[in-house]
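Written below as structure tokens is the structure these notes are about.
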Amino acid sequence: MKLIETASYEEMSQKAAGVIYEQVKSKPNTVLGLATGGTPLGTYRELIHLHLQKKESFQKFYTVNLDEYVGLADDHPQSYHTYMDEHLFQHLDIPASHTHLPRGLAEDLDGECKRYDQVIKQLGGIDLQLLGIGQNGHIGFNEPGTSFNSRTHVVELTESTRKANARYFSNKDDVPTHAITMGIQSIMESSEILLIASGKKKAEAILRLVEDEITEDFPASVLKRHPNLTLIADYEAMSLLK
Ligand code: F6R
């Protein structure tokens with residue numbers, strides 16, 4: 001694992017955007033795995049900034065997102081489709097047909113999971129996967145106890161994850177109870193993984209990730225088996241490391 005400590009959230013975001021930008025520059029048809037949540041917002045802002053400043057085109061680039069809530073329409077204000085459009089896609093010249101997320105309103109959820117795995121396969125796999133980390137070690141919506149062999153599947157969200165995500169909804173009860181998430185095996189098959197973390201509330205998770213054993217009880221721990229993992233975290237998130 002390559003560890004990069006930054007002085008601030010902004011520097012973490014700039015460094016992460018730089019890694020993604022270089023990847024797109026060296027391979028314009030890059031397949032990028034994307035995350036949502038609070039942590040990548042700065043990375044997306046920086047990426048848009050680089051795109052506008054340096055005029056690198058994203059027309060040939062493809063994206064596959066980690067997850068989507070079950071039961072939310074693509075255009076629901078809190079859906080991850082909407083998040084990605086608002087915070088990244090509409091600001092780049094990426095064709096809409098190149099962006100992929102699971103469909104939260106699919107009638108046949110098992111069929112939707114299979115379709116999503118097929119999408120990743122047909123794109124030739126993920127070149128670079130951007131990840132955030134949950135305080136309980138979740139990656140995507142792969143909660144503690146998820147099999148390391150998992151592919152795209154439907155999950156019931158834990159109370160702690162629903163609570164953490166309630167900040168985006170007007171009422172905690174509006175947070176969906178289920179989500180579709182890319183599985184751990186699909187994440188691990190990416191050629192490169194970029195994990196970003198910021199703030200004190202992630203410090204324990206980073207400590208467990210770096211220093212503890214690999215266990216399905218802490219899903220992110222599996223990332224240590226990946227040959228090409230970079231963790232970019234600010235000093236607060238790294239503060240418990242020796
Ligand atoms: C969302 C996702 C989640 C988040 C994690 C951290 O697509 O993959 O695993 O990365 O919940 O969320 P934030 O960044 O909001 O702390």
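The values are calculated or read from the model by the stated rules, or taken from the named source; none is laboratory data. Predicted model, so just to flag it, every value in this text is computed and none were measured. Glycine also receives a Cβ, built like all others from the backbone with ideal geometry; neighbour counts cover every protein chain displayed. Note: areas computed on protein heavy atoms with side chains; ligands, DNA, RNA excluded. Shrake-Rupley method; radii C 1.70, N 1.55, O 1.52, S 1.80 Å.
Measuring with a 1.4 angstrom probe and ignoring ligands and nucleic acids, D110 comes out at about 100 Å² accessible. Taking N as the residue count of region 3-131, its C-alpha radius of gyration divided by 2.2 N^0.38 Å amounts to 1.06. Taking a Cβ cut-off of under 12 Å around A197, the surrounding Lys, Arg, Asp and Glu residues balance to a net charge of 0, with basic ones at +1 and acidic ones at -1.
Out of every Cα pair in region 120-231, what percent are spaced more than 18 Å from each other?
50
Under Stokes-Einstein, with the Kirkwood radius over Cα pairs as Rh, the value for the chain at 20 °C and 1.002 mPa s is 120 µm²/s. Summarising the amide proton neighbourhood of S150: residues at separation of 5 or more, or on other chains, whose placed amide H is nearer than 5 Å comprise I184, Q185.
The aspartates and glutamates whose alpha-carbon is closer than 16 Å to the alpha-carbon of K60, local same-chain residues fewer than 8 away aside, are E22, D93, D127. Note on region 23-145: with charges restricted to the Cβ of Lys and Arg (+1) and Asp and Glu (-1), its dipole about the Cα centre is near 680 debye. With all protein chains in place and a 1.4 Å probe, the accessible surface of region 2-227 carries 48 percent carbon and sulfur. Distance between the C-alpha centres of region 123-175 and region 191-239: 15 Å, rounded to the whole angstrom. Can you return the lysines within cross-link range of K2? Criterion is Cα-Cα under 20 Å, with same-chain partners fewer than 8 residues away left out. Correct list for K2: K15, K202, K224, K242.
Think of each Lys and Arg Cβ as +1 and each Asp and Glu Cβ as -1; about the Cα centre, that makes the dipole of region 2-227 roughly 620 debye.
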